[in-house]
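Peer 1: What follows is a structure written as structure tokens; I'll ask about it next.
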Amino acid sequence: MGLLTNLVRRFINSAYTAAGMGRRTKSWYAPGLSPNTALTADLSKLINRSRAAIRNDPWASSGIEKLVSNVIGRGITPKSLVDNDALREQLQNLFLQWSDESDADGLLSFTGQQSLITRSMFEGGECFVRFRPRRPEDGLTIPLQLQVLESEFVPISYNEALDNGHVIKAGIEFNKLGKRVAYYVHREHPAEFAFDSTQLVRIKAENVLHIFEALRPGQLRGQPLLTQVLVRL
């Protein structure tokens, strides 16, 4: 019986070369991990090394710059479908005025923010954009600005079961149906010298854009674009 079992195992192993236990594969470490267990355990280190590579490696820096330029180009340029010529021109001018005021930090135009968001997603794997409604007395053309936040603003290690049946995973709150209902955001970047880790703000999901590429079903956070080539770089 033992001999038969061994023969069956050898036959099954030989069906897929990558599943064999030969010289090239016997030391292959390939744990079975969920998308979030695999990513969140090492995400902080991957992000830090990705940022370091882009700061110091000219190939990494140039590649990211060219990719952002190709993805964004001239940015989103909406055109109104309103039939009334005067109203259409008014709407277009209104958008252009808002574009100059869209940045909550007061540095970039809307097109510049698109480039920054895309770069942040490639570099850190993800980017968060918070809608910041403003008061009419703030004097903006449209009482709304966008705040761009790096991945570190939403703590990866924050996990908690809430009394209302909701659950927080990797800084994101989900309801009983698994829908995202809120994000928990630091008031300032965790790497700042005067950082206060107790200052977390709950922001409704409808006021946050979480921009990342999901590579596996159920993935909660983004993976830096350079992950697979960091060692080679």
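The values are calculated or read from the model by the stated rules, or taken from the named source; none is laboratory data. Every value quoted in this text rests on a predicted model; they were computed, and no experiment measured them. Cβ sites come from the backbone with ideal geometry, for glycine too, and all protein chains shown count toward neighbours.
Peer 1: Those residues that are of a type in the set (A, V, I, L, M, F, W, C) and assigned to a loop (DSSP other than H, G, I, E, B), I need them from the stretch 171-189; list them, please. Explain how you work it out, then say what you get.
Peer 2: Of all residues in the stretch 171-189, those of a type in the set (A, V, I, L, M, F, W, C) come to 172, 174, 177, 181-182, 185.
Scanning the stretch 171-189 gives a single hit, LEU177.
Peer 1: Could I ask something else about it? Tell me, which residue of the stretch 160-199 that is touching a His at 6+ places or on another chain (Cβ under 9 Å) and of a type in the set (Val, Ile, Thr) is surrounded by the most Cβ atoms within 10 Å (Cβ to Cβ)?
Peer 2: ILE172
Peer 1: Could we say that LEU87 is more than 16 Å from GLN147 (Cβ to Cβ), among the aliphatic types (A, V, I, L, M) and touching a residue at least 40 places away in the same chain (Cβ under 8 Å) here? Walk me through it before giving the result.
Peer 2: On the way: more than 16 Å from GLN147 (Cβ to Cβ): yes; among the aliphatic types (A, V, I, L, M): yes; touching a residue at least 40 places away in the same chain (Cβ under 8 Å): no.
So LEU87 fails the test.
Peer 1: Just to be sure before I move on: is ILE211 among the hydrophobic types (A, V, I, L, M, F, W, C), touching a residue at least 24 places away in the same chain (Cβ under 8 Å), closer than 15 Å to GLY124 by Cα and not in a loop (DSSP other than H, G, I, E, B) in the structure I sent?
Peer 2: In short, yes.
Peer 1: Of all residues in the stretch 127-170, which are in a loop (DSSP other than H, G, I, E, B) and within 25 Å of SER115 (Cα to Cα)?
Peer 2: Listed by number, the residues that qualify are ARG134, LEU140, THR141, ILE142, PRO143, GLU150, VAL154, PRO155, ILE156.
Peer 1: Residue under question is ARG202, and the condition is that it be farther than 21 Å from ILE76 by Cα, of a type in the set (Lys, Arg), modelled with pLDDT of 95 or more and surrounded by 13 or more Cβ atoms within 10 Å (Cβ to Cβ); does it hold?
Peer 2: Taking the combined requirement at face value, the residue does not satisfy it.
Peer 1: Out of curiosity, is ASP85 modelled with pLDDT of 90 or more, over 25 Å from the mean Cα position of the chain (by Cα) and of a type outside the set (A, V, I, L, M, F, W, C)?
Peer 2: Here the answer is yes, as ASP85 does meet what is asked.
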